[in-house]
Structures are given as structure tokens and as C-alpha cells.
Amino acid sequence: MISGTSTRLPLMLALLGALIAPLTAGSAALSEQDADALIGRLAKPAPATISFTEVRFSKLLRAPLIVSGDLGYSGPESLDRRVTAPYREQTSIRGESVKVEREGEKPRSFALKHAPELRGLLSGFSAMLAGDPVALRKTFDVEMTGNDDGWTLKLTPTDTKARRRLQQIEVNGRHSEPRCFSMTTADGASSVLLLGAASAEPVAPDVTLIALQRRCGGSGQGS
């Protein structure tokens, strides 16, 4: 169940980030100019869909929360997240409006204007889906490292309000395949989104964050 701005943040990021298009990197450490050139290749034509498995870790959970489904992007500020297991739920973003519908429950809606930090994040990811590095850097500090065999895109919010809720976003991939989208909130909660082919392999109910980071090709740091 989604309630409150703090729980909406991982959901919003998942919706936006899982649709990043393939990117390649030719060196272990990229300059800002190289990174901007790569961001320019992130543009994703609409419509697009991708399967996902999301694993959330929190001090409030006895075990990781694992859900799966698919995400759809139909154009700027138009995103959908459809959960098919272990329950059925659809979240739709249309401009400034977000609607959540879960099977057997009353639909819930909220406006982005009540969460300015989320609005900024939406603008940033819209810029990334458009392949616009200038717009992206208005919302995030951007760092890219890696090569064709394993690349990492790190995004750190530039806005103070956003950083109070979100510490960092990390996207990992290999060759032209984005595999994972990981988020760490300021209170220590984490969410890892396995994308496309990376989501095909089952996730163990007792999976650890470190194991997922290794599977994604990330740093493997965490708890």
C-alpha cells in the first residue's frame, strides 16, 4: 500500500528509471563531456515497455519485499507501473497527477504539486529519457564510470529537499543492456529494480542487498 511522500519516492523512481535506454562506455572513468555524449544516447522513443522485478529493503520489513510486473512509457510525463505478483496493482502518472489502483481496494490519487522534490525528480528523469544532459544536470550531479563490459551511472540530487529523502540513484548495465536500477534513501532504505533479462532469473525470498548488487555488477557495498 502506498501512503505518504516517503513511500511514493521509490515508486516514482522505479517508474522513471526502469525505462532508461541502452548506453555504452569506452573507458574506466568518463569526463563530463563523455558522460553528456552518452546521456544523449539515452533517449527512449515511446511507446516502450519492460519487465521488472523490484526488491525493497527496510528496517520496517522482516524480509525483503519482492514484486514483479512491467513498466510502460508512452511519452513525456506519462508512465505506468503494473504489478502482477504477488498482488495486482497499477500506478499511472499523467503530468501532475498520480493514480494508484490495487485489486480489491479503492483507487487513490495525489498531485505532484504537494511534493516539490518528487516533481524535480520527474523533471530530471524526463530529461534523461529525452537524452538531454543539460536538463538532467539541473536536478542531479551526474557521474559515469565503466566500459562495455560493465558501466555505472550515478545520480545524486542537487536539491536539498530531495537529498533529505534520497541519497543516490545507481544504474548498472553491461554492453547495451541496462540491468539494474538501485536507490538508497536518506533513512537507509534501499530498492533494487532488476530490468528485462535480469529480471527473468528468480529472486530468493531471503536475498541480501549485497547479493543483488553483485548480480547487478555494482559495488557490492551495503548491508
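All of the numbers you see were taken from the coordinates with simple rules; none came from a lab. Predicted, not measured: the structure shown is a model, and the values here were computed from it. Methodologically, a virtual Cβ is constructed for each residue, glycine included, from the backbone with ideal geometry; neighbour enumeration extends over all protein chains shown.
Want the number for Thr84 to Lys138: 0.36 nm per residue separation, take away the alpha-carbon distance, what's left? Before the final figure, lay out each step's value.
Values: separation 54, 0.36 × 54 = 19.44 nm, distance 3.48 nm.
My answer for the length gained is 16.0 nm.
In a shell of Cβ-Cβ distance under 9 Å around Thr156, excluding Thr156 itself, what net charge do Lys and Arg (+1) and Asp and Glu (-1) give?
Around Thr156, the charge tally is 0.
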